[in-house]
C-alpha cells in the first residue's frame, strides 16, 4: 500500500524460494496502487516469474472499497511523509487487516526531526498500535537528500485497542503529500556538475521529480542534492495553550461513585488543591445509578462521569496556564475515590509557535522584553514530575 510497491516482488521471490516446485504457496500478495504504470509493470513481472501477486487500482484518499476490509494478515506501507498522510494510511491499513491482536504493519517513513518523530509515534499510539521494532536505515533513495537518502521502517503490531481513526467510508483530504503541504522553494545542486536549480512554487521546476525527469541541462545527470539553508534562523518553538489529562479510574468505591454530594465535594476540593479558580459547578445524579459533573474553572474545566456498578469513573482534567497543578488534582481524586488502578493519557493542547505569540511594543525597553520572554519560557515547563505522554497503566501504592 502506497509507495515501495516493488517490495512485493522481493517477497514474491522469497516465497518462491520457500515453496519451490508445483506446491501451492500458502500466501498471496495483494498490491493497492493508484498508478496504472506500476500496476502494469507488477502484473507483467508477476506473470513472467509466476509470483503470487495481484494488483488493484485504489486511491486511498477515496472511500475504501468494502471488499478489502478485514481480509489481510499483515501489511507493508510507505505513505506520504506528512502527518496527514501517515494518519490516513494507518487508518486504511487497520481497516483492511483482520480484527485480531498481534498482526503486523510494516510502516516505512522518511527520517524526520525529533519533533516530527514524536508526532508520528503519537499517531501510532492514537491508533492503538505498539512499536515492536525500528530499523533506522531500511531504505536508501538515490538523490533524496531531503530525507538524508535513508528511510526508516517501523514494525507495528495491532492490540486490543487498535482502531482506525479515519472512517473507511469517508474521503480523505487531497493535500497529504509533502509537495502539497510545503510550498516553499528549495535549492538543489547537480551531483555531477554542480549547477544549482530552484524547485518549488513559482520556480522552473515544481517538484524534484520534474527536475530528475528532465535531468541537468548542463550534463544530463539525474541525481541532485538539496542545499540546506545557512544562517542563524530561529528554530520553531511551541507554547502549549493547555494541559489535558484523560484518566480511567478502575476498582473505585461504588458507594462513593453513586453519591452525588461526595462527588461534588471531591471535585471541588480537587480543583482547590490544584490551585484553580472555580467559576461554576454543576452535578447530576442519574437513576438508578451514576453521577456526572463539571467544575468550570477560569483555567478550563474538570469533569467526571461515574459507573458505580462497574467501579469505574472517567475523569477529564483540562487546565491552561502555569499556575494550576493538574496532577495534584489527579492524585487527590485517585485517593478519594479509592481507585486501585488507573490508566491515563497526558496530552498537550494547542501547540502554537512561541515566537508568533510574543508581541513587543516599539517603545518597550530591552529589559522589559527580556522579562516578557522569560515568562513565556517558564510557561512551557510543567512543575510536575515527568510522566509518559502515551497511554500508561499505573497501580496505586
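Values computed for the structure shown
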{"quantity": "Given (1) surrounded by 18 or more Cβ atoms within 10 Å (Cβ to Cβ); (2) part of a loop (DSSP other than H, G, I, E, B), number of the condition residue 86 does not satisfy", "calculated": "(2)"}
{"quantity": "Residue 76, sole failed condition from (1) surrounded by fewer than 18 Cβ atoms within 10 Å (Cβ to Cβ); (2) closer than 24 Å to residue 132 by Cβ", "calculated": "(1)"}
{"quantity": "Test: residue in region 314-337 that is in contact with a strand residue (DSSP E or B) (Cβ under 6 Å, 6 or more places away or on another chain), farther than 13 Å from residue 244 by Cβ and assigned to a strand (DSSP E or B)", "calculated": "yes"}
{"quantity": "Some residue of region 21-28 being touching a strand residue (DSSP E or B) at 6+ places or on another chain (Cβ under 8 Å), surrounded by 13 or more Cβ atoms within 10 Å (Cβ to Cβ) and assigned by the TED database to the domain that holds residue 92", "calculated": "no"}
{"quantity": "Positions within region 121-168 being modelled with pLDDT of 80 or more, in a loop (DSSP other than H, G, I, E, B) and over 15 Å from the mean Cα position of the chain (by Cα), in sequence order", "calculated": "159, 160, 161, 167"}
{"quantity": "Residue among 26, 63 that alone is farther than 19 Å from residue 153 by Cβ, under 29 Å from the mean Cα position of the chain (by Cα) and not in a helix (DSSP H, G or I)", "calculated": "63"}
{"quantity": "Members of region 281-309 that are in contact with a helix residue (DSSP H, G or I) (Cβ under 6 Å, 6 or more places away or on another chain) and surrounded by fewer than 18 Cβ atoms within 10 Å (Cβ to Cβ)", "calculated": "283, 285, 289"}
{"quantity": "Unmet requirement for residue 51, which otherwise passes all of (1) out of contact with any strand residue (DSSP E or B) (no Cβ under 7 Å at 6 or more places or on another chain); (2) more than 19 Å from residue 106 (Cβ to Cβ)", "calculated": "(2)"}
{"quantity": "Out of 45, 9, 15, sole residue that is in a helix (DSSP H, G or I), modelled with pLDDT under 90 and either under 26 Å from residue 158 (Cβ atoms) or in contact with a helix residue (DSSP H, G or I) (Cβ under 7 Å, 6 or more places away or on another chain) (or both)", "calculated": "15"}
{"quantity": "Residues located in region 240-271, provided they are within 16 Å of residue 300 (Cβ to Cβ) and either surrounded by 18 or more Cβ atoms within 10 Å (Cβ to Cβ) or modelled with pLDDT of 95 or more (or both)", "calculated": "243, 244, 245, 247, 267, 268, 270, 271"}
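The values are calculated or read from the model by the stated rules, or taken from the named source; none is laboratory data. Fair warning: this is a prediction, and the values are worked out from it, not measured in the lab. Heads up, the Cβs are rebuilt from the backbone with ideal geometry, glycines too, and the neighbour counts pull from every protein chain shown.
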